[in-house]
Amino acid sequence: MAEGLSRNDLENLDKQTLITMLMATHASLESLQKTSEGLTKQIDLLTEEVRSLRADRFGRKTEQSLTDVTDQLHIAFNESEVVFDLNPGIEEPEFEEICPKPYKRGRKQKGKREESLKDLPVRVEEHTLSDEELLAAFPDGKYKRLPDEVYKRLEFHPASFEVIEHHVAVYAGEGEKAIVRADRPADLLRNSIATPSLLAGVYNYKFVNSQPINRIVEEFKRQEVYIPVQNVCRWVNECSDRYLKRIYDRLKEKLSAYHVIHADETPVEVRKDGRAAGAKSYMWVYRSGALESNPFVLYDYQKTRKSDHPREFLKGYKGYCVTDGFQVYHSIDKERDDLTVAGCWAHVRRGFADVIKASPKDDPRIQETVAYKALQIIQMLYRYEKLCEDKSPEERQSFREKQCAPLVDAFFAYLKEQQIPIAPKAKTGDAIRYALNQESYLKVFLKDPYVPIDNNAAERGIRTFCLGKHNWYLIDTVSGAQASAIAYSIAETARANNLKPYEYFRYLLEELPKHGEFEGPEYLDNLLPWSEKLPEACRKTKA
C-alpha cells in the first residue's frame, strides 16, 4: 500500500490512512510469519522422515541401549508430583564393588572343548610306527609303548544317501498253497521311495533353515540324487496333511488348557488361490504364553486379515491373548467377557526408538526430547521385568504392583502432559498417540503374573516364516499354504521345547504311519514335544 510513496507523501497523509496502512503491514507480517513457521514445520517433518528412512535402511536394528537408564530415573515430569521408590531395600555396595581390584587374566578353563564335543560320535584313528620304523628307531629292539598322545579334531560329513533294499520273506505251504509274508514296516506313501529320514531332511531344510524346495533339489543333484521338484512338493504336502496334521490338531485341542496365548500375523502371497495376482493372504500365528510351560506354536493360513479368522480360531479359548495394536483383536475383546486382550510394550518402544535412531548421534539435545525420556521409562520397565521373570507368579505379581505399576502410571501421565506441544504429524506425535490409544491394553500385564509385557514370543514364532519369504516369495497353492502352516507349527514347537527339529520330524514320520487316522488321542499325547516318552535322540542336551 505504501509502495511508490515518498517521505513527503507519507508526511501529508491523514491519521486514519496511516493507521490503515500500519494494520495492513502488520497483518502482512503476521501472514509471512505463519507461512514461515508452517514451512519450518514442514522442513522439520521432512528432515525427520528422511532421517527415519535412512535409519531404517542403514541404522542399527536393536532398540536396546538407546538411552542411559539408571536406578534413579531422570525424567521430565515434576518429580515431586510423581514420587515412587524405584528400588526399595537396596543394599549398600561392598567396598570391593566400588574399588575393584585390577583385572588379572585367569587360567584357561580346562575341559571346555571336551564338554562341547562329549555328545558327538567318536571314531578313533590309530597312528603307529611299523615294525621297520621301530627297528630303525630302536636297533637293539628294546622299547616300551608309553600312553598315547591324544588330540581331537571335528570332522564334517555333508548330506549322504543310502538305498535301503527291503527283502520281505515269502512262504508257501505245500497243502493248501497258502502264502505268508513277513511283516514289513509301514510306508509313508504308497509306492514311494520317500522315507522318514528323507522327508525329515526336507522339512528341516525348508521349514527350519528356510531353504526353498528347488534349492534343496539342486543340492540333492550335487550328491547325484535326481528327484523332481514336483515329487518333493507332493511328499511334503501329503505327509503334512496325512500325518503331521494329527499332531497339529492335537496341539490345537490343548489350546483351552492355557491361561495366556500370543497372536500375530504376516502377509504372504499365494499364486493359485482364485484371486487376482498380487492379492495378499495371511499367515496367522498363535503361541502359548511366554511365561507358561509346554510351549506350542500354531500357524493358521487364511486368505484375508478379517476378524472372522481369529474369532473362529479362538472361539473355545478363555483367558488372555497378547497381541500388537491390531484393531481386529480389540473388537473380539469387546465382544467377549471370557477373553482379555493384552497390549505389547515392544510396539510402543519401537515408535520412540525409531525417533532416537533417526536423530543425529552427536546432538546433545536428544536427551531432552520427549522420545528419549519416554524410552528411558520403557527401558526401566523392561529391566524390572527381567528381574522378576524367574520369580514365582505370586512374587512376580507383588513385584509388579510395587515397582512396575507406578512406573506405568508415570509414563502415561508424562505422555498426556506432553501430547499437546508435539506436532501431530511428527514421529514422536505418532508414538505418543499410539501409546495413549493402547493404554488400557498395555496395563493388562499388571493384573496377572502370567501375562508377559510384550508379544515378542509370537514374533519369534513367526520369524522363521518371515525369513523364508525372502527366499521363496510366494506359495503356489492353497493346499501348499495349509501344508506349510502345519509344518512350520511342528518345527517352531519343536524349537520352543528344545528339541532337534530333524530328529523330531523323523520320529513323528516313523511313528504316525503305525497308527490309524481315527485312533484315540493317547498315542498322540506320547508324541507331543514335551512328552517324556520321546527318545533322547530328539532332545538337545543344551538349551
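The values are calculated or read from the model by the stated rules, or taken from the named source; none is laboratory data. Being a predicted model, the structure only gives us computed values, none of them experimental. Virtual Cβ from ideal backbone geometry, glycine too; neighbours counted across all protein chains shown.
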Task: Residues located in region 357-372, provided they are free of Cβ contacts under 8 Å to residues at least 24 places away in the same chain, among the charged types (D, E, K, R) and assigned to a helix (DSSP H, G or I) - done: ARG365
Task: Of the criteria (1) at pLDDT below 90; (2) farther than 30 Å from SER256 by Cα, which one LEU415 fails - done: (1)
Open item on the list: Can you go through VAL341, VAL355 and tell me which one is in the same structural domain as LEU415 (by TED's automatic domain parsing), under 21 Å from ALA458 (Cα atoms) and surrounded by 20 or more Cβ atoms within 10 Å (Cβ to Cβ)?
Closed with: VAL341
Task: Hits in region 477-507 (condition: touching a strand residue (DSSP E or B) at 6+ places or on another chain (Cβ under 8 Å) and of a type in the set (A, V, I, L, M, F, W, C)) - done: VAL478, ALA481, ALA485, ILE486, ALA496, LEU499
Task: Filter result for the condition that a residue is outside any loop (DSSP other than H, G, I, E, B) and either touching a residue at least 60 places away in the same chain (Cβ under 8 Å) or loosely packed, with under 14 Cβ neighbours inside 10 Å (or both), over ILE377, ILE420 - done: ILE377
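What are the residues in region 151-182 that are at pLDDT 85 or above and assigned to a loop (DSSP other than H, G, I, E, B), if any?
Step one: of region 151-182, the residues at pLDDT 85 or above are 161-170, 182.
Within region 151-182, PHE161, GLU162, VAL163, ILE164, GLU165, HIS166, HIS167, VAL168, ALA169, ALA182 meet the criteria.
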Task: Enumeration of residues in region 245-296 that are polar (S, T, N, Q), within 25 Å of PRO449 (Cα to Cα) and surrounded by fewer than 20 Cβ atoms within 10 Å (Cβ to Cβ) - done: SER256, SER293, ASN294
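Can GLU312 be described as without any contact (Cβ under 8 Å) to a residue 60 or more places away in the chain and either surrounded by fewer than 16 Cβ atoms within 10 Å (Cβ to Cβ) or farther than 27 Å from ALA494 by Cβ (or both)? Can you show your working first?
Working: without any contact (Cβ under 8 Å) to a residue 60 or more places away in the chain: yes; either surrounded by fewer than 16 Cβ atoms within 10 Å (Cβ to Cβ) or farther than 27 Å from ALA494 by Cβ (or both): yes.
The answer is yes for GLU312.
Which residue, of LEU512, LEU524, LEU534, LEU467, is hydrophobic (A, V, I, L, M, F, W, C), without any contact (Cβ under 8 Å) to a residue 40 or more places away in the chain and either assigned by TED's automatic domain parsing to the domain that holds VAL217 or in contact with a Phe, Trp or Tyr (Cβ under 9 Å, 6 or more places away or on another chain) (or both)?
Answer to the selection: LEU534.
What number of residues in region 219-244 are of a type outside the set (Asp, Glu) and more than 21 Å from ASN209 (Cα to Cα)?
At the first step, the residues of region 219-244 found to be of a type outside the set (Asp, Glu) are 220-223, 225-237, 239-240, 242-244.
Among the residues that remain, those that are also more than 21 Å from ASN209 (Cα to Cα) are: 226, 242-243.
Result for region 219-244: 3.
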Task: Only one of ASP454, ASP430, ASP448 that is in contact with a Phe, Trp or Tyr (Cβ under 6 Å, 6 or more places away or on another chain) and over 30 Å from PRO212 (Cα atoms) - done: ASP454
